[in-house]
1. Provide the per residue accessible area, probe 1.4 Å, for the chain, rounded to a whole number of square angstrom.
2. Just how much of Ser215 is accessible, in Å², when a 1.4 Å probe is used and the result is rounded to the nearest 10?
3. Subtracting the Cα-Cα distance from 0.36 nm times the residue separation, let me have the gained length for Asp27 to Lys4 in nm, one decimal.
4. Using a Gaussian network model on the chain with a 10 Å cutoff between Cα atoms, which of Asp144, Asp130, Asp247 fluctuates the most?
5. List the residues whose amide H sits under 5 Å from the amide H of Ile15, counting only those 5 or more places along or on another chain, with H placed 1.01 Å from N in the peptide plane.
6. Give the lysines reachable from Lys6 as a straight Cα distance under 23 Å; neighbours fewer than 8 places away on the same chain don't count.
7. Sequence neighbours fewer than 8 away in the same chain don't count; with that in mind, list the lysines whose C-alpha is under 17 Å from Lys266.
8. Residue by residue, what Karplus-based ³J(HN,Hα) values in Hz, rounded to whole numbers, does the range 148-160 have, using 6.51, -1.76 and 1.60 with θ = phi - 60° and x for Gly and Pro?
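The values are calculated or read from the model by the stated rules, or taken from the named source; none is laboratory data. Here the structure is a predicted model, which means the values were calculated and not measured. FYI the Cβ positions are ideal-geometry reconstructions off the backbone, even for glycines, and counts take in every protein chain you see. Remember, those area values only see protein heavy atoms, side chains included, never the ligands or the DNA or RNA. Shrake-Rupley method; radii C 1.70, N 1.55, O 1.52, S 1.80 Å.
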Amino acid sequence: MIEKIKKILAVEQPIKAREVARMLGADASHVNSVLHAHRGDEFIQDDEFRWSLRLPAELIIQFPAIDWLTADHFERALDAVDCPLESDYPAVVFKFAPDTSVLLEAAARLLSLCNQLVAAQKSVMIEFQDRKVSSYLNRLGFYDVLDKAVKVLPRRPKRSMAEAREGESDAVVEAKAIDLAHRDETVPHRLEARVRQHVAGATTPMHTIVSELFSNIYEHSSSPIPGFAALQLYRGPRPHVAVVFSDSGTGIAGSLLPTLSARRIKSLKQSEKDIGVALIEKIFAEGGLSRMQEDGHGTGLYCTGDAVGKFQNGTIIVRQETFQVTLNFLNGKQRFSHRLGLRKLSGTHICVKFRLTRRK
């Protein structure tokens, strides 16, 4: 009987005992006695005498056993469970499988989500099965930005290797928290210099890309959770440089849509796409949209897209609260794609990828 009740509540909760009995074709008093006998350990009852399944204490997000954890793998792992930020689970545990490396883009999304979960007053833990991934994240500066309240198993590194070895490698620019009150221009300068070491191109386009995306954090964040930027060089079968810019604020769509005129909104809806997707695509394709009225605003991402298009096979991925827009450039031509229905992740998370053209 108890398993039959669980199956009904998994779909219909919260409902009263007599409704459960009706669906089972069982005696209401018997169903009621079963529910009360397992109240607290299996079932819970609200103030309106409706019954629900008792959630386990932890929401466990298991990353797949794979050579490289990509942003797509990260999103699929989130899709497999309740939304961490919107669920009633008081604790969230992220589990890495043994021998799984993590790409920068996925690490950036994990870092932002962990910090947002802590801000939402949830307990957060990251569990590693070996030291390899944790050691890489330490070198990247992941733990320097990760909220101190996040528990790490088997243990959080005592020493920051990003701080100890900052600037030593041309393959990485370590992540650092971005203080909205004190703009640190050394961050975009280091990112620009590293990319130019490996990707052929004029100085001006690279400066535009890095400076605009760095400035975007200041314009659209307005969050007490620190944003960050980082870079990683990959020399494998698909050599490229990846640069991430992440903040946990209102996001591009969240900050712009409420300020647009009815005419602008109508124009976006005419695309028949999700309005957030249509907005991001319009910004990159045409520019000119801003929550500020002064001349010169609303062109930052447009200029970024134009600059990335000057490089061979560049890619820009923009992750917003529940959707993602990808802009690929092939022989100077733009091609958009998008994904909807992603789990909530506040803010704007941008990854720019450049094909490696200078090899050592």
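1. Details: 17620 Å² over 360 residues.
Accessible surface, normalised per residue, equals 49 Å².
2. 30 Å²
3. Numbers: separation 23, 0.36 × 23 = 8.28 nm, distance 1.35 nm.
Extra length available between Asp27 and Lys4 comes to 6.9 nm.
4. Asp130
5. For Ile15, the qualifying residues are Trp51.
6. Lys16
7. In chain and number order, the partners are Lys282.
8. Taking θ as phi minus 60°, the curve returns 5, 6, 6, 7, 10, 10, x, 5, 7, x, 7, 10, 7 Hz for the range 148-160.
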